[in-house]
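**Q** Quick one: the structure is below, questions incoming.
Just so you know, all these numbers are worked out from the coordinates, no wet-lab data involved. Model, not experiment: these values are computed from the prediction. FYI the Cβ positions are ideal-geometry reconstructions off the backbone, even for glycines, and counts take in every protein chain you see.
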Amino acid sequence: MVSQSKIRRWLAGICLALACLMVLLGLTVFEGRLKSFQFIGYWGACFCLTALAAFSALMELVLLGRQLRQEQRTLIEETLRDAKEKEKRDPID
């Protein structure tokens, strides 16, 4: 099963790769060939792909931070529970 994180990372990578390809093509092959609405639409699509990649990366960052905080909380709770159990078994006089 593929994790949602992996899907988000692939999505961001594909969007960024497509945006880079569009920039390259826009500055070479399509230079001077795009007129008015074509120009706006082409660069608008490039901008949207870049924005989608950035949004996906930010979402990944937020969700990764949330997961890290949860794992830290769980680790602290387990450590405290283990310390209490050890104290019950081997009390310090």
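**Q** Just grab the label-to-label distance for residue 14 and residue 83, each label 7 Å out from Cα along the Cβ direction, in nm (one decimal).
**A** In this crude spin-label approximation the distance works out to 4.8 nm.
**Q** Simple spin-label model, 7 Å along Cα-to-Cβ: residue 69 to residue 90 in nm?
**A** 3.6
**Q** Something else: For the chain, set up a Gaussian network in which alpha carbons nearer than 10 Å are linked by springs, and say which option among 68, 52, 11 fluctuates the most.
**A** 68
**Q** Also, I was wondering about something else. Which loop-located trypsin sites (Lys or Arg not before Pro) does the stretch 1-68 contain, where loop means any DSSP state but H, G, I, E or B and the Cβ has at most 11 other Cβ atoms within 10 Å?
**A** Listed in order of number, the matching sites are 33, 35.
**Q** Given a cut-off of 22 Å, what percent of all Cα-Cα pairs of the stretch 1-72 lie beyond it?
**A** 39
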